[in-house]
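K.L.:
This is the structure, below, for whatever I ask next.
The values are calculated or read from the model by the stated rules, or taken from the named source; none is laboratory data. Remember, predicted model here, so these are calculated numbers, not experimental data. Using ideal geometry, Cβ is built from the backbone for each residue, glycine included, and neighbour counts are taken over all protein chains shown.
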Amino acid sequence: MLELYGTIAEESWFDDEITPAMFREELFAGDGDIVIWINSPGGDCIAASQIYSMLMDYKGNVTVKIDGVAASAASVIAMAGTQVLMAPTALMMIHNPMTVAFGDHTDMRKAIEMLDEVKESIINAYEIKTNLSRAKLSHLMDSETWMNANKAVELGFADDILTDEKLAVDVPAYAFSGRAAENALLNKITAKAKPAEKQEPTPEPVVEPPTPEEPEPTPGRTVGELMARLNLIKP
């Protein structure tokens with residue numbers, strides 16, 4: 001993933017510009033498909049052309065994601081994306097190239113001719129991406145056209161709008177049941193709590209009734225002795 005955040009320039013003066021040399025070093029540090037995030041007001045059209053050419057020549061797929069603004073020269077770089085996506089709140093702006101010139105009428109005429117050629121080169125990039133006519137693109141640049149994400153997709157400058165991937169995931173539907181929730185909670189609590197071991201009641205001790213003891217014989221005479229005594233008493 002690369003971030004193209006800031007002004008595009010041939011050289012860096014304030015350490016916050018993006019130069020072709022810096023971009024090349026990061027771009028070719030790896031290989032495979034790549035994602036480039038853009039939030040740039042634009043800058044030097046020649047530096048932008050170099051970065052655009054690097055991306056067009058890159059072997060892997062290039063996904064451009066515009067999360068802020070891709071204006072002026074930054075919009076040209078965006079055209080190199082295999083797929084161009086814009087955040088719903090992002091903007092893209094295209095306009096005619098500008099320069100500063102001084103000198104006589106000959107110098108001014110040369111500056112105008114140079115700007116005309118630069119404009120045609122920019123239209124080349126827009127035409128490849130959008131398939132719009134050169135006349136239509138020239139008119140849009142003359143009018144300094146600002147496009148929101150929907151307009152950019154409609155005109156072909158972008159392929160789609162960034163969406164929240166979390167919302168795009170299919171989530172199974174659930175019907176809420178209070179009784180089911182209550183039972184689930186009770187099951188969890190039951191599983192966590194260790195049930196107390198069931199104790200068998202201790203049987204009452206069986207008390208055997210006491211065995212009646214045979215009465216001890218009363219001390220005295222025997223029957224034979226009593227009968228003999230009675231016989232002596234008879235007259």
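K.L.:
Only one of Y5, Y52 is hydroxyl-bearing (S, T, Y), closer than 25 Å to N96 by Cα and touching a strand residue (DSSP E or B) at 6+ places or on another chain (Cβ under 6 Å); which?
P.N.:
Being hydroxyl-bearing (S, T, Y), closer than 25 Å to N96 by Cα and touching a strand residue (DSSP E or B) at 6+ places or on another chain (Cβ under 6 Å) holds for just one of Y5, Y52, which is Y5.
K.L.:
So how many residues does region 90-116 have that are part of a loop (DSSP other than H, G, I, E, B), surrounded by 12 or more Cβ atoms within 10 Å (Cβ to Cβ) and β-branched (V, I, T)?
P.N.:
Within region 90-116, residues that are part of a loop (DSSP other than H, G, I, E, B), surrounded by 12 or more Cβ atoms within 10 Å (Cβ to Cβ) and β-branched (V, I, T) number 0.
K.L.:
Could you tell me which numbered condition G60 fails, if it satisfies all but one of (1) part of a helix (DSSP H, G or I); (2) in contact with a strand residue (DSSP E or B) (Cβ under 8 Å, 6 or more places away or on another chain); (3) modelled with pLDDT under 95?
P.N.:
Among (1) part of a helix (DSSP H, G or I); (2) in contact with a strand residue (DSSP E or B) (Cβ under 8 Å, 6 or more places away or on another chain); (3) modelled with pLDDT under 95, the lone unmet condition for G60 is (1).
K.L.:
Is there any pair linking a residue in region 141-163 that is on the phi > 0 side of the Ramachandran plot to one that is among the polar types (S, T, N, Q), with Cβ under 9 Å and at least six apart or on different chains, and which?
P.N.:
Pairs that qualify, where the first residue is on the phi > 0 side of the Ramachandran plot and the partner is among the polar types (S, T, N, Q), are E144/N96; G156/T130; G156/N131.
K.L.:
Here's another thing I want to ask about it. One residue is enough: does region 50-63 have a residue meeting the conditions farther than 22 Å from A21 by Cα, touching a helix residue (DSSP H, G or I) at 6+ places or on another chain (Cβ under 7 Å) and crowded, with 17+ Cβ neighbours inside 10 Å?
P.N.:
Checking region 50-63: not a single residue is farther than 22 Å from A21 by Cα, touching a helix residue (DSSP H, G or I) at 6+ places or on another chain (Cβ under 7 Å) and crowded, with 17+ Cβ neighbours inside 10 Å.
K.L.:
Which one of the conditions (1) touching a residue at least 40 places away in the same chain (Cβ under 8 Å); (2) more than 31 Å from the chain's Cα centre (by Cα); (3) surrounded by 12 or more Cβ atoms within 10 Å (Cβ to Cβ); (4) in a helix (DSSP H, G or I) does E127 fail to meet, given that it meets all the rest?
P.N.:
(1)
K.L.:
Could you identify the single residue in G81, G32, G43 that is on the phi > 0 side of the Ramachandran plot, touching a helix residue (DSSP H, G or I) at 6+ places or on another chain (Cβ under 8 Å) and either touching a residue at least 12 places away in the same chain (Cβ under 8 Å) or surrounded by 14 or more Cβ atoms within 10 Å (Cβ to Cβ) (or both)?
P.N.:
From the options G81, G32, G43, the qualifying one is G43.
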